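Everything below concerns the one structure shown next.
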């Protein structure tokens, strides 16, 4: 982790005004606080952990576990939006969020996030076991406190370390199903952990000005675009190698091996495209960051289809 971080002076947000008669009246705003697009991928990887676990899967336990993961992810997102309301107000892609836009009050959002956090952990504990509830609680704490309140604004390694927050769901699902831990969910954690940097750094390349305006020390803001492009490539290569660990450890079969190899090759191709994008002397794209945008979109499909391949392989072997 780096020491002192220097970023461009952050812009001052426009004061937020709230109409007491209208604040918090739209159900859609409360849903947006949960970051539903993030939830979908989190729930999918959590469900993958449940399905990959050995032994019969209790449908009720599975349903409640997925609900708890969904609630916890949304709760952490709401707390994140509460804390980041100042920088959200100066970033173009976040200025319309419910809090900076004045549609939900900060206090209500914080209470909402804390309430959902407590409810999700208690329900997970009652429905499954203490291990699953403990990992769930720690994942909320990691994202809301360690990443949001500390890492995000203090180091360009924020995404590298903070990536652990989104990598816990497979471990939670496995623990909910078995009450124990094993190598497979840890490997699944590692895959998501290593996927996060190239995924978010691709986004940060074309949102660099936004992050700089908000004073967030994302890697391209602090170390420059060229350094970030190389980091995306190296992390993608490492990710591809780690994604094949289940094959080498005989935890997955030929179907997953083929899927992981093809998807990894595609991701590396995208990363090379990002590196070779026409750039000025400082590494800034001269093409509107088209390769970075494609890499970001591909990364979303990559993780989904990689885990889908793992599930399909598990089903093929099991039957």
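For the reader, a short list of remarks on this structure follows.
- Kirkwood-type radius of segment 24-177, with distances r between different C-alpha atoms, in Å: 15.7
- Normalised contact order of the chain, rounded percent, pairs of Cα under 8 Å and 6 or more residues apart: 20
- Sites residue 287 and residue 38, calculated FRET efficiency, Cβ-Cβ separation with R0 35 Å, nearest 0.05: 0.80
- Segment 224-293 and segment 84-133: distance between their alpha carbon centers, rounded to Å: 32
- Relative contact order (percent, whole number), segment 136-237, Cα cutoff 8 Å, 6+ residue spacing: 27
- Along principal axes, Cα extents of segment 70-133, largest first, whole Å: 42, 19, 14
- Listed peptides 102-110, 157-165, 274-282 appear in the order 157-165, 102-110, 274-282 once ranked by packing, highest mean of other Cβ atoms within 10 Å at the front.
- A Förster radius of 45 Å combined with the Cβ-Cβ distance from residue 237 to residue 31 puts the calculated FRET efficiency at roughly 0.75.
- Quarter the surface of the alpha carbon convex hull of segment 171-253 and you get the mean projected area, 7.0 square nanometres.
- Rough spin-label spacing in nm, given labels placed 7 Å along Cα→Cβ, for residue 95 and residue 58: 5.1
Any read-out appearing in this document is the output of simple, stated calculations on the displayed coordinates, not a laboratory observation. Treat the numbers as computed from the prediction; the structure is a model and nothing was measured. As a convention, Cβ positions derive from the backbone with ideal geometry for all residues, glycine included, and neighbour counts pool all protein chains shown.
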